[in-house]
1. Please give the length that would be gained between Asp278 and Lys474 if that part of the chain were fully extended, namely 0.36 nm times their separation in residues minus their C-alpha to C-alpha distance (nm, one decimal).
2. Quick one: net charge around Pro532, please, counting Lys, Arg +1 and Asp, Glu -1 for every other residue with C-beta under 10 Å from its C-beta.
3. With an 8 Å cut-off on Cα pairs and a minimum separation of 6 or more residues, tell me the relative contact order of the chain in percent.
4. Which trypsin sites (Lys or Arg not before Pro) does segment 100-162 hold that lie in a coil by DSSP with at most 16 other beta carbons within 10 Å?
5. Per Stokes-Einstein, at 10 °C and 1.306 mPa s, what whole-number D in µm² s⁻¹ belongs to segment 354-506, with the Kirkwood radius over Cα pairs as the hydrodynamic radius?
6. Could you tell me which label, among (i) 50, 37, 22; (ii) 67, 36, 21; (iii) 64, 49, 23, carries the value of semi-axes √(5λ) of the Cα gyration tensor in Å calculated for this structure?
7. Based on Cα coordinates alone, diagonalise the gyration tensor for segment 551-634, multiply each eigenvalue by 5, take square roots, and list the semi-axes in whole Å, largest first.
8. Counting only the backbone N, which residues of segment 181-200 are under 15 Å from the spot 7 Å out from the Cα of Thr40 toward its beta-carbon?
Amino acid sequence: MPQGFSVYTNFLREQRTTKPDPKKDTTRIQVQCSKPENITLPELVDIISQGGTCRMCAIDGNTDGGFISGQLFGLDFDNTEKNEQGQTQPLPKSKFHGATFSINKATEKGMPPFCCYPTFSNNRPPYNVERFRLLFVIDRPLFDSEQWRHVMRKIRSCFPEYATDKSCMNPSRLFYGTDQGIVYTDYKAVLSADRLLADYVPPKATEAPQKPQKTPRSPRRHTNGSGTMKAVEAIRKHNAAYLRRKLGRNQKTVFDNRNDFFNFIYKGIDLADLLDVDQGKPFSCILPSHGSPDEHPSASVFRGRFQEWHFKCFSEGVTLNTKQLFEVLGGFTSEYAVLEFIKAVFNVQIKKTAWAEEQTTNLDEIMRCISGTDEQHSFRVLCPVANSTTRHAQQLFMQVLLIAKSAIYPERTSDSGNVIFYMSARQIAKASGRGSVDKVNRTLKLLQYHGLLQQLPDEQVPKPFLRKALEGRKNGHNHISFYQIPSWVYQTMQAVEAQGEKWKANKYRMSGISYEMFLRSEGEEVAKRLYPQTSEFIGKDGKKHQKRTGRKADQQHEQIVAAILEAIETKGYCTEKEIISQLGNMETVTSEVQLKRSLTDIMNTYNLVKVRANNGLKSRFSIDCKGFPNIILPE
């Protein structure tokens, strides 16, 4: 999970050097901190470090009745208690919890905080004891306040009850910043919401029939009334609690599979009831792109040929299904997030199978290993070389793991039992905040080379998925790619580490990653595994043929070979910089890129090695320069 990912919560940027006065400041701060916004974790920590204020949840107003969603959790450690006379006094040393001790204790329990900071009253009269706060974050927002409290209790259970302030259980509680600096941050310490909710039992939850029960509703308005605007505003603010109360969705519905759940979304959600309008009658358009309200109502909701619900704006010519309407009104950029919101609004869930539990656990364990929260079983311990060769790709890999988690449905099972998911480099670039799609593509190939990620050839993709992907192709381009992630058992880790050692031995570079580089260096089998869609083509004879290196690439390759051998024959060695300078720009790619694609193959073919020139080599070849450059010479 990238450190810049956003959370939706309330905060106030006002800088302070002292704790607010309860009589003079608290009410004003509550009012000013009553509207939530998106903010990244580093930005939030920066506000805290300057004495700002925040809440752990997104609250509309000042009380927990305005709960919208929660993704953050805070624990206060005051190190005080009340004696028999009701007076507050410092805890005895046997009960005392220091910041470092508490961070380590939570981490040992598998729930590491992402931030720790001293409060305004740290080591100050009248108690003069260490007082601090730990902040935690989960990988997705929770739209149910009871789920948020359940996770809060799980985190708090890492410590004895006396150690933490009970008032932290209130979602709307204000958390003030500090004037003493931040003592600890780890933005990779993101907890799994699914793991923390694994034992969650909803209050008085009972399984209902698959067909949702309709609830009586009052007569609707024919135009855009207050009921409509309240529903739209609740969707915009992701306020699932309000909509659930409005629709009377008190009884939980449990679907056996994902198909039944989507049938409910498209056919079972009554859009007229949700928006408080009459089916088929016009009302003022509610789309954000429409701007000001219609002078002449131009929108309506209706049922399609197969009884699915639709929203239509006639003036803009836009028709949306129910899921799309939620996405547009709520500004959702993640399919997973919008589906979780719909589940929270209508109090529904999909029954988890043993396979789904297995896949969730597998992916959670991989995320935990990558983040290094368990030192004994972290990736850097299990695969030290592969950890080094993939270190710049691990942040993007966490994003890939989240996409895989959102695809855990029985119909997406591969032959090996893993979950199959699809994604594009453009999608990953957008989700991870990376601008270069080409760089994302090369990073995915790095992960594939190490065996952390496997791209499936068409023959291993379930036929319904492949058929839909082929239909979605545009302008003859390749269809979207399908992937799976193997479980991190011992054999997998051995293979990953071996690939890391091979990557290091071959001295591959990210900028050289291409079909040509792997084909020249390791042959058809490796190149075909990494590029299953483009490694073959249909020839004029109608048969499949293996893709080879291009004529121009071969010419450039031979030019590089000649330049390297000539330099070695002349002075016994050469450097990459010299070769690049000698060849200049080539017709299709720069000599630098072509060199990185060809160098491993050239060194293997001509028994060359690339080493760092030490003092002995510099003296031997009369190399007059500062530092110790890499040189190429005969093995």
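1. In short, 66.7 nm is gained.
2. -1
3. Worked out over the chain, it gives 9 percent.
4. Lys109
5. 98 µm²/s
6. Comparing each candidate, only (i) matches the computed number.
7. Value: 24, 13, 10 Å, ordered largest first.
8. 186-188
Every number here is computed from the coordinates shown, using simple stated rules; none is lab data. No experiment lies behind these values; they were computed from the predicted model shown. Quick reminder, even Gly has a Cβ in these numbers, built from the backbone with ideal geometry, and neighbours come from all protein chains shown.
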